[in-house]
């Protein structure tokens, strides 16, 4: 756990401090000195008595007691220095900037483990190794620049990559974003992103803590911890955005089921972030934009007023908002006409509200006031105001600042002229404001935030399933795919409605089964994975002669062990599946079934357990949800039953974690029922 000595040390030693500020040991010392650390600073350098005006000790054994040690020495010397500091100098916080540990070699991994064991044995904490350091409102313990403006209400930023942390700050600082803390966790030998987030959650104080958290993650080692503390912070009123690098399809392997092909580790990350309520970003600029939006009042509705003095940016912004599910509604009526009389001829208030290149600060004030007070259906205001460089625009930006203080509705300022009015923008930022340089990036990010769901309920209530029966079936089954009759037993125990069926190993048994189930029937091979590809599915079989003929043909198909007989049912083909993902647990997926899942790949995933309410959210976020609702006069599908089946699959894999992979494809859905027609379940104990 993070110690107070890391957060608010009374004394810091830089081991390996240097006069050369182009080296990490020199630069970190300079940053500590330049950024007004109020405690005592020590330096260890075995060659000098004075480093950057600070007394230097030749060896760590000569130091007085010290709270925090920042190490910038070769990896091979770190274990001994840590041992002396931890055991003799009562040091309870360490930041190791040095590289050369587990990221480089087996020998380095041993050094790293030795350091962790020493720090653990004395109740200390370690950031790194192989990191840029830590900085907060108390000190700047990093060897890099820029050093952001620190503010207790600024962003808490945790990064798995030091260089990327620098680049993200460089994207963020120029637009006015401030920080409360920055953690670069490097190798995460003891403390990783998840542990820092846990600390921010456990110590959260609604009166004093920052409410905005940013994450840059390259690997999620403890997804359940991340889920627990991220969702807890969001429930407490925080807002979290994250980049998870490494989202390519390389994680998807050639799998024996649709679920396996769709459910890559990146899909698990998406499901985790969605369940926690984290806004997922894919680049530095997007993360900085989302963070900047977080620092404004929350958008409560979809209707946006766009105010501009330039047509092009307003059109691009309107496209961005509209294409992403937000609205730029028309503004009209007597109040709109009254507003128009206060603007220059040629202006428009239709929304976008264009008050022309000659528009004044006073006119902008009239427009904002009307959007705030007269147009109740407007939920937020975006103001685009740049300059061709002919005259200063301090008055406009001062007016914007004033209205942002007064208005109840959020106002997002787009100030695109980062060169022409550089001084005015700096003046605006100096007032504590944050601006957006690009209107399209803002529009995309605003919609992404608006449509990111709130955290799932903490202790979901799942449908009841027959736990004893499920455990009995699993314990009596070996690894691999279950036989069809065993699959049916599991579906029954989970309460998942299914079509009647029979497995036949002879033509006579197939005919008898067809007669009992009632014609027409469907015949499917048992054994091959992709039945349709090998001619292993026959639909609408209406007589015994056809059953015999098709059985004789199908039983000869490679890998076929039997033929499955089912009644011929009608409905829209749906899909529900589950997949166990290393560290994450089970993902449950749903979407359109049959060939659509292969062609459209329109599936949504959630981490188990999935309550029916969360299942409804999955279903409604499908691109194909219009088909489920009943598009263009088509019969709708019973969404209530489909959501319950998704939740029941979640309950099944929760009771039976040995289920590695399962498909119910297709489910046939109509307005009255949703029936499982085909299913495969693979066990890996």
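Values as computed for the structure displayed
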quantity: For residue 532: the one exception among (1) at positive phi; (2) surrounded by fewer than 16 Cβ atoms within 10 Å (Cβ to Cβ); calculated: (1)
quantity: Identity of the residue in region 344-354, in a loop (DSSP other than H, G, I, E, B) and more than 39 Å from the chain's Cα centre (by Cα), that ends up surrounded by the fewest Cβ atoms within 10 Å (Cβ to Cβ); calculated: 345
quantity: Some residue of region 213-225 being modelled with pLDDT of 95 or more, not in a helix (DSSP H, G or I) and not assigned by TED's automatic domain parsing to the domain that holds residue 192; calculated: no
quantity: Filtered residues of region 70-91 (kept if out of contact with any strand residue (DSSP E or B) (no Cβ under 7 Å at 6 or more places or on another chain) and more than 22 Å from residue 160 (Cβ to Cβ)); calculated: 74, 76, 77, 79, 80, 83, 84, 86, 87, 88, 89, 90
quantity: Qualifying positions in region 499-529 - under 19 Å from residue 570 (Cα atoms), surrounded by fewer than 19 Cβ atoms within 10 Å (Cβ to Cβ) and touching a residue at least 60 places away in the same chain (Cβ under 8 Å); calculated: 499, 500
quantity: Exclusive hit being at pLDDT 95 or above and either in contact with a helix residue (DSSP H, G or I) (Cβ under 6 Å, 6 or more places away or on another chain) or under 19 Å from residue 183 (Cα atoms) (or both), set 77, 94, 101; calculated: 94
quantity: Index of the failed condition, residue 478 passing every other in (1) buried (at least 16 other Cβ atoms within 10 Å of the Cβ); (2) touching a strand residue (DSSP E or B) at 6+ places or on another chain (Cβ under 9 Å); calculated: (1)
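The values are calculated or read from the model by the stated rules, or taken from the named source; none is laboratory data. Predicted, not measured: the structure shown is a model, and the values here were computed from it. For neighbour counting, all protein chains shown are included, and Cβ atoms are generated from backbone atoms with ideal geometry for every residue, glycine included.
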